[in-house]
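Taking it in order: structure first as structure tokens, then the write-up.
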Amino acid sequence: MAIADSFLQELRERLDIESVVSPYVTLKRRGRLMVGLCPFHNEKTPSFTLYPETESFFCFGCNTGGEIITFIRLIENLDFVEAVKLLAQQAGMQMPEDGYDDSLSKKRQRMLSANREAAKFFHSNLNAPLGQEALEYLENRGISKPLIKRFGLGFAPDSWDALLDHMRGRGYSASELHEANLVRKSSKSGSDHYYDSFKNRIMIPIIDLRGNVVAFGGRILGQGIPKYVNTSDTLIYKKSNVVFALNLAKNKNDGKLILTEGYMDVIALHRGGFENSVACLGTALTNEQARLLARYAKEIILAYDSDEAGQRATQKALEVLGKTGLKIRVLKLSGGKDPDEIINKYGPGRIQALLDGADNETEYRFSRARVKYDLNTPDGRLGYLNEAVKVLADLNSPVELDIYASELSKELSVAKEAILAQVKSQSGRQKYERKKQREKELYKSAKKGLTSAGRGRARLPANCEAKEIKAEEIIISILLHNPDFYRKFKDRLGAELFSDEFHKRIYSLIAERIEADKNIDLTSLSQELSNQEMTDLSSLFVKGQDLSNTLAQYGDCVSVLEKAKRDSTIIEPGKLSNEEFLKLFEKPNNE
């Protein structure tokens, strides 16, 4: 069952794609198009392109594309119906009462409801006798009741089934709670015994940007192992996509976010007045989290632990954040191993002083290199210089390079010209190494595409496609822009002529909708296709905008498929552009 085309078309007419995308991407006009940094992969040069005339988008960096519904599905991690609901609210439209399958949406809503009820249960326990010890623990750490309420903190009792019994009383089944990771199932074969996932722990709800409780972190009272127990990935939660407390910090950050390692660091910093503090849930910072941060800040201040593990995490975060174009600074923690300890010992004034003196990325990398060597010896100075040159070779700004080369020259009593010459040589080596790495990755990607089952036929690299595959792509590209061409060739072109299973599926879907007098625009097709299929289709749609889109061109492609079917021969892949490929077509009257 599907949402009516008429509803989707009205939604498309009421919401232009620029208004939908602009809250997530800073767009700049470039002629008739709009461009910005892609929210779906890390990049410094804009490759995300908006096409206002066709109400579509496509990123030439990661090949992600679609229309408004696909964009919301991807950016908000929603299913089709939920994305339509969200857009309908923005457009002031009432969702149709029936006519669509919202079973997955209902399941997600049920899980969100269960998490919300569990959070209320945990929170209420702090005001009960069984939660007295937990409340005292929080208060001893300086966490006041207003702060407890702000973060929705709670307590999981020292019981195997307290939450399970409570939730069953609210109408939730054990299997529903198990899917939400609120309870666990006995590992004994054939057992239907369930027990609480969290026991005798301070409970920290993880809340998404829309205010939904999507997961929990449970911290043990006092000392013990494991220190934290966290919700595993579920239908509504993927750890690598969520940043803790961003729902609170996104509107109070003045373009800056302080990124820490853990829940308690964030809570302590908020207590000290630093309400722009967030955490990446105890995992190494992911590309998805970095892109999310880039939507709400221009500068990230890393405040990871001062121990070796924390410094390794800082190095990793610098690599990930370096791809986003964000300004990065690093806090040099002193007086404690983490922000929580420092605030508890010295108060917020110490944190503010550390923030004022935070290193930028270059300074931090210099300081990390400097401590490895004895600068009183020639070997030590040379070792430090070699590492510092690698840092300078990564700088894109000539002004920055000049400033830091001058500083390094003074520090090591080495001629600035000699340092710059070394940087130039190192920069060339690094560019060569990056080029070789890209070639290696492209080779792996191409090899994977040639050998994986994928959508039914191994995808060949874009510049190395068989002649008939290229023809199939152009047929669909043109058809998306000129649906009337379908009837002119329907007697000659059937889905059975397509060799690529995805192309065959798309052509069949287009043909079916045209025969039923339905629309074949991207919005109408989006509910029939997965996000990946929409991306593949959007790629063809964008290619179609650059083609001549003539009936003769369409007919030439049909002839290629007809001839391939007759000959049943395998045409070797060749490196053909669209223009080169079209010159190879044999005209129907010459066959």
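At a glance:
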| quantity | calculated |
| --- | --- |
| Efficiency of FRET between THR377 and LYS252 - r from beta-carbon atoms, R0 56 angstrom, step 0.05 | 0.70 |
| The range 491-555: radius of gyration over Cα atoms, expressed as a fraction of 2.2 N^0.38 Å | 1.14 |
| Rounded to 10°, Cα long-axis angle of helix 398-412 versus longest principal axis of the chain | 40 |
| Intensity falloff of the range 372-437 expressed as log10 I(q)/I(0), Debye formula with alpha-carbon point scatterers, at q = 0.12, 0.29 Å⁻¹ | -0.31, -1.28 |
| Computed over the range 5-91, Cα set: Rg, Dmax in Å | 12.6, 39 |
| For the chain: relative contact order, % (alpha-carbon pairs under 8 angstrom, 6 or more apart) | 11 |
| Low-density loop cleavage sites - trypsin sites (Lys or Arg not before Pro) in the range 306-360, where at most 15 other Cβ are within 10 Å (DSSP) | LYS323, LYS332, LYS337 |
| Helix-only CD estimate at 222 nm, as mean residue ellipticity for the chain, using -39500 (n - 2.57) per DSSP H run (n ≥ 4) | -15500 deg cm²/dmol |
| Normalised convex hull volume, the range 87-157, alpha-carbon set, Å³ per residue | 134 |
| Antiparallel %, DSSP beta bridges [both residues in the chain], to 5 | 75 |
| Inter-label distance, nm, simple model (7 Å from Cα along the C-beta direction), TYR432/TYR137 | 5.8 |
| Helix 378-393 axis, angle to the chain major axis (alpha carbon atoms, nearest 10°) | 40 |
| Taking only Cα atoms of the range 149-192, radius of gyration then Dmax in Å | 12.5, 42 |
| Cα-based equivalent ellipsoid of the range 239-352: semi-axis lengths in Å, sorted from largest, via gyration tensor | 20, 16, 12 |
| Zone residues, the range 510-540, relative to LYS565, backbone N less than 17 Å from point 7 Å out along Cα-to-Cβ | 510-512 |
| Hull-based mean projected area of the range 102-237, where the convex hull spans the alpha carbons, in square nanometres | 9.0 |
| Relative contact order computed over the range 372-437 (Cα-Cα under 8 Å; 6+ residues apart), in percent | 29 |
| Spatially proximal lysines relative to LYS337 (Cα-Cα < 19 Å; intrachain offsets below 8 disregarded) | LYS227, LYS316, LYS345 |
| Alpha carbon Rg of the range 35-173, scaled by the compact-globule rule 2.2 N^0.38 Å | 1.54 |
| Nearest-0.05 FRET efficiency for ASN127 and ASP192, computed from C-beta distance (R0 35 Å) | 0.55 |
| log10 of Debye I(q)/I(0), alpha-carbon scatterers only, for the range 251-308 at 0.15 Å⁻¹ | -0.40 |
| Positive-end extreme of charge dipole, the chain - chosen from LEU382, SER508, THR324 (charges on Cβ) | LEU382 |
| Proxy reagent accessibility, fewest Cβ within 10 Å first, across THR324, THR314, THR54 | THR54, THR324, THR314 |
| Relative contact order %, the range 296-398, counting alpha carbon pairs below 8 Å whose residues are six or more apart | 22 |
| Estimated FRET transfer efficiency when R0 is 45 angstrom, pair LYS44-MET93 (beta carbons, to 0.05) | 0.75 |
| Percent breakdown of C-alpha pair distances by 10 Å bin, ordered from the shortest bin, for the chain | 3, 14, 20, 21, 19, 14, 7, 2, 0, 0 |
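Computed from the coordinates by the stated procedures, all read-outs in this text should not be read as laboratory data. What you are looking at is a predicted structure, and each value in this text was computed from that prediction instead of being measured. Cβ sites come from the backbone with ideal geometry, for glycine too, and all protein chains shown count toward neighbours.
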